[in-house]
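The values are calculated or read from the model by the stated rules, or taken from the named source; none is laboratory data. Owing to the predicted nature of the structure, the values given are computational and were not obtained by experimental measurement. All Cβ positions, even for glycine, are placed from backbone atoms using ideal geometry, and neighbour counts span all protein chains on display. Heavy atoms of the whole protein, side chains included, go into the accessibility calculation; ligands, DNA and RNA do not. Shrake-Rupley method; radii C 1.70, N 1.55, O 1.52, S 1.80 Å.
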Amino acid sequence: MTATKRSEYTREEGSEVKLLHFIFGQPNIDQIRGHPDKVLNLIEEFGQQYWFANVGHPKGDIVVSLIEELRPRKMIELGGYVGYSAILFGDAVRRHGGQRYISLELNPEFAAVANMLIELAGLRDFVHTIVGRSDESLQKLYSSGEVEHVELMFIDHYKPAYTTDVQLCEELGMISPGSVLVADNVVFPGNPPYLKYVRSNVEEKREVARSMESGRTFNTEGFSERTISKYLGADSAPKFDVVGNPNLVYHSVLNQPEGDPDALEITKCVRIEEVA
């Protein structure tokens with residue numbers, strides 16, 4: 001999310017379609033085609049008038065540096081919105097020898113906007129947008145053989161689903177030593193359950209798993225009612241009963257750009273601790 005003076009997530013209805021009109025109405029549209037940086041600049045320019053929940057360049061540059069370091073063959077994002085992160089990170093993955101960028105987006109209207117901008121940026125054949133619930137899409141990616149191992153995953157979707165989607169990937173075996181997770185919005189609006197989970201040691205996670213029924217890991221404590229009801233509705237729950245794999249050892253750190261009200265939590269799976 002770009003820096004903003006607003007204290008809550010707010011957006012003007014229809015601003016995503018207005019963004020399309022703004023960009024495709026540019027008199028030099030032919031010079032914009034095929035240039036990801038020019039499309040990103042226009043999204044940011046339009047965002048000065050209408051607020052958009054995009055990662056922005058300060059935090060985005062951190063993720064691009066990770067892409068340069070890790071050179072993932074495939075990268076996944078949870079929450080595509082209007083395509084800003086897919087264009088920024090997809091372009092970086094492609095430039096560094098990757099095969100595919102996979103963007104999961106719940107809202108079909110947002111996905112349609114994103115796909116038009118992704119195509120304009122020249123990334124249509126590289127970025128694959130999947131519309132639907134993130135947990136169902138992750139399960140299908142695994143069962144189809146499309147993604148067996150999470151190399152690098154950017155998490156920026158329904159806040160209460162951060163933890164359960166990671167736990168689903170753990171149970172499927174998609175997260176293993178070498179996997180890197182980058183979670184956005186962990187300071188604003190914040191995500192206490194997710195931070196607690198990725199920062200817990202193995203014994204703490206094992207204790208929670210022993211004391212908790214399967215499927216009871218979904219936790220909305222610490223979120224505002226607005227955040228809980230956003231996108232999926234206040235009564236939403238995960239499609240799968242998961243507790244994750246508490247034996248995975250994570251090294252997790254907060255990375256907050258100077259002057260940015262928000263931050264990224266960067267989590268690396270370093271090893272598996274066997275049960276004694």
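Can you tell me which residue in the stretch 70-85 is surrounded by the most Cβ atoms within 10 Å (Cβ to Cβ), limited to those that are out of contact with any helix residue (DSSP H, G or I) (no Cβ under 6 Å at 6 or more places or on another chain) and in a helix (DSSP H, G or I)?
Step by step, filter the stretch 70-85, then rank; the result is Ser85.
Would you mind telling me which numbered condition in (1) in contact with a helix residue (DSSP H, G or I) (Cβ under 7 Å, 6 or more places away or on another chain); (2) open to solvent by 10 Å² or more (accessible area, probe 1.4 Å); (3) modelled with pLDDT of 95 or more; (4) of a type outside the set (D, E, K, R) Leu104 fails?
So the condition that Leu104 fails would be (2).
If you take the residues in the stretch 132-162 that are free of Cβ contacts under 8 Å to residues at least 12 places away in the same chain and part of a loop (DSSP other than H, G, I, E, B), which one is most open to solvent (accessible area, probe 1.4 Å)?
The residue in question is Ser144.
Can you name every residue in the stretch 248-261 that is crowded, with 17+ Cβ neighbours inside 10 Å and touching an Asp or Glu at 6+ places or on another chain (Cβ under 7 Å)?
The answer is Leu248, Ser252.
Take the stretch 252-276 and flag every residue that is β-branched (Val, Ile, Thr) and at pLDDT 95 or above.
If the condition is that a residue be β-branched (Val, Ile, Thr) and at pLDDT 95 or above, then Val253, Ile266, Thr267, Val270, Ile272 are the ones that fit.
A quick yes/no check of all residues on (1) within 19 Å of the chain's Cα centre (by Cα); (2) modelled with pLDDT of 95 or more; (3) surrounded by fewer than 22 Cβ atoms within 10 Å (Cβ to Cβ); (4) of a type in the set (D, E, K, R):
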{"site": "Phe24", "(1), (2), (3), (4)": "no, yes, yes, no"}
{"site": "Gly60", "(1), (2), (3), (4)": "yes, yes, no, no"}
{"site": "Val64", "(1), (2), (3), (4)": "yes, yes, yes, no"}
{"site": "Glu68", "(1), (2), (3), (4)": "yes, yes, yes, yes"}
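So, of the residues in the stretch 187-215 that are of a type in the set (A, V, I, L, M, F, W, C) and touching a Pro at 6+ places or on another chain (Cβ under 9 Å), which turns out to be farthest from Gly259 (Cα to Cα)?
Ranking the candidates gives Ala209 first.
For Asp135, work out the one condition from (1) within 23 Å of Lys18 (Cα to Cα); (2) in contact with a helix residue (DSSP H, G or I) (Cβ under 6 Å, 6 or more places away or on another chain) it doesn't fulfil.
Looking at each condition in turn, Asp135 falls short on (1).
Going through Lys196, Lys230, Lys239 one at a time, which residue ends up being modelled with pLDDT of 90 or more and either surrounded by fewer than 17 Cβ atoms within 10 Å (Cβ to Cβ) or not acidic (Asp, Glu) (or both)?
None of the other options fit; the residue is Lys196.
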